[in-house]
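For reference, the structure discussed in these notes is given below.
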Amino acid sequence: MREAQNDIVATEFATTTNDEEVPSGVVLFGKYELRRLLGVGAFAKVYHATSVDDTHQSVALKAVSKNKVLNGGFAANVEREISIMRRLHHPNIINLFEVLATKTKIYFVMEFAAGGELFHEVAGKGRLTEETARFYFRQLISAVKHCHSRGVFHRDLKLDNLLLDEDGNLKVSDFGLSAVTGQIRPDGLLHTVCGTPTYVAPEILAKRGYDGAKVDLWSCGVVLFALIAGYLPFNDYNPSVLYRKIYRGQFRFPRWISHDLRFLLSRLLDTNPKTRITVDEIYKDTWFNADGEYRFNRVLVKESECEKQLGRTGFKSLNAFDLISFSTGLDMSGLFEDPTGSNSVERVVSTVVPEKIMERVEAMTEEGRVVVRREKNGGGAKLEGQDGNLIGIVVVYQLTDELVVVEMKRSEKGGGFGGQFWKDKLRPLLLELASELEEPVSR
Amino acid sequence: MGCMNSKSVRKFPAREDSLDLAAETAFTVNEVEALFVLFRSISNSIVNDGLLSKEEFQLAIFKNKKKDNIFANRIFDLFDVKKLGVVDFEDFVRSLNVFHPNASLKDKIAFSFRLYDLHNTGFIERPEVKEMLIALLFESDMKLADDVIETILDKTFVEADLKQDGKIDTEEWETFVKRNPSVLKIMTLPYLRDITISFPSFIFNSTNVERVDETSTRL
């Protein structure tokens, strides 16, 4: 099931037990103590390390040879991998903590997946039950949906790139071959031939351009098949025979696969990308929802600034300096982020009682597509889409005895639906709350 | 260390310069190098001289060099330590240091006091606060009548102006912000924690040396 190394940035590693390789006890940058070598690739070595501070946090430390990267002409790939991982914060995606460098080496400090590769889980058991496979597949689709909502297409999803944490949760790794929407040509398609042969979608082989999202879903289909069957749907020692099988969609279901799963797999491994199942359709699929409708795992990997707003008690009373701090001129985040990716904020002054405002926000659940999570302290609420992505937050501040400031902050994580909900529901509510205050507010 | 002139600032900072800046701030050598990537891009956006002008600073914050903002101007003036109308790389790093999540509370309190002491009198006076409030309301389209503004000012000064002399001194400010930590929220930029990921191209120019680089070729 494992493929030969073909990744440029080399994050797929052969495991090693050669302890002599490890300069154990070495502390890098005064921050990370190396523990053991996890794997070796053409360009890099990956170590398990722990932070030397009080937390002793475990990290995976990828040491990349700068010379090999520069001489191989892969500098752009490394930079792209960093910028992609930077925009992805999700419980089922390996988190990049920081990047370090010396004259000769580049170090990626990443989340450590103590459970190893999902590949070993399948290899050890031969194959997984549908229930176990569903558990992993749901997490994979959740991660893929998040990537796509941020304009990132992985393009090399395979068992080897799916890791497990200490609790057995899936973590997608290795964004060395991923693409971003900026790489899409005027025809709306990506054109780079990449990926791992047995997981590659037929439209990539056709070399006529492809939709990155559809390619990822084909690979998800191959992964799901492998989890259930214990072998890959398309495999052959002869590459041309392998490609012909993929191109024609020639594979056989093992007899133990249920009818509902066969249907889902046939939709995932549909050779026509136009009719291939979408992420939204997967969320409605019978097999996917076999034990009740799937709800996204709401573990927040990285609290956004948007969410930090809610860490306060009750309806906070604003003083003059709190108000002044709302100025965009005091917000230097523009130095560090693309304005298109930033949160948009709107505030209005209202005479509506704070509790009434929150009741009106809570009423906006729109057929279950939006979950309103009122904070325990009462002063605000988070609005989440059905996939768990944050759409925005609403915070109410007390300004004077009669006046409140209502702040609505739209999250960039909300995707297309979030934008629509903001436009159709949240903004109109905001304008409504301010409507009686056309004239300057007086006591 | 000497001032980096505009010619040398276009080049990647020398190892000694990065080490010195790292030693006197909360930034690591790599973070200083990543900040240089940021500085180089924003300081050359209008004039390619390796110095950051007020227009370039505003362009970086608002993506619009025409936008004039009393608060952005004020921050720039505080960054412009040498009062030359431009900010060099060293002053940029030292000034940003106060916004680092690990910077001391004392430094954050002192900087915020200077920020709001618009007329550099050594006090934050009521007319200054009113001026800033009106500027904020104008900028944000929040409409408040003058009597409401006065109510907000009254409420704030009752709490902050303990000596009741119509102005806030440094001691009063320290007491006030410790009681109202939300006022200092703007003094921390979480982005500075992720600076090496935000501006990763420093990795190819880094002059940093680690013990393992010198002693172990196996790593």
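No value in this document is a laboratory result; all are computed from the given coordinates. Keep in mind that what you see is a predicted model, and the values were worked out from it rather than measured. Methodologically, a virtual Cβ is constructed for each residue, glycine included, from the backbone with ideal geometry; neighbour enumeration extends over all protein chains shown.
What pairs from A:LYS45/A:LYS245; A:LYS382/B:LYS178; A:LYS316/A:LYS356; A:LYS274/A:LYS382; A:LYS66/A:LYS158 go past 25 Å between their alpha carbons?
Correct reply: A:LYS45/A:LYS245; A:LYS382/B:LYS178; A:LYS274/A:LYS382; A:LYS66/A:LYS158.
Mean residue ellipticity at 222 nm from the helices of chain B, using -39,500 (n - 2.57) per DSSP H segment of n ≥ 4 over the full residue count, to the nearest 500 deg cm²/dmol?
Calculated from helices alone, the mean residue ellipticity at 222 nm is -16000 deg cm²/dmol.
With N set to the residue count of segment A:26-111, report its C-alpha Rg divided by 2.2 N^0.38 Å to two decimal places.
Normalised Rg, Cα atoms only: 1.09.
Can you work out the Karplus-derived ³J(HN,Hα) for every residue in segment A:55-64? Use 6.51 cos²θ - 1.76 cosθ + 1.60 with θ = phi - 60°, whole Hz, and x for glycine or proline.
6, 6, 5, 7, 9, 9, 10, 9, 9, 10
Rank B:ASN102, B:ASN44, B:ASN180 by mean-square fluctuation in a GNM of chain B with C-alpha springs under 10 angstrom and give only the top-ranked residue.
Residue with maximal mean-square fluctuation among B:ASN102, B:ASN44, B:ASN180: B:ASN180.
Quick check for me: using +1 on Lys/Arg Cβ and -1 on Asp/Glu Cβ, what's the dipole size of segment A:116-289 about its Cα centre, in debye to the nearest 20?
It comes to approximately 700 debye.
Using each residue's phi in segment A:94-99, evaluate 6.51 cos²θ - 1.76 cosθ + 1.60 at θ = phi - 60° and report the 3J(HN,Hα) Karplus result to the nearest Hz, with x for Gly and Pro.
Karplus-based 3J(HN,Hα) across segment A:94-99 equals 4, 8, 9, 7, 7, 10 Hz.
For peptide A:25-34, how many partner chain Cβ atoms fall within 10 Å of a residue's Cβ, on average?
For peptide A:25-34, the averaged partner shielding equals 3.
What size of dipole, in debye to the nearest 20, comes out for segment B:103-187 about its Cα centre when the only charges are +1 on Lys and Arg C-beta atoms and -1 on Asp and Glu C-beta atoms?
400 debye
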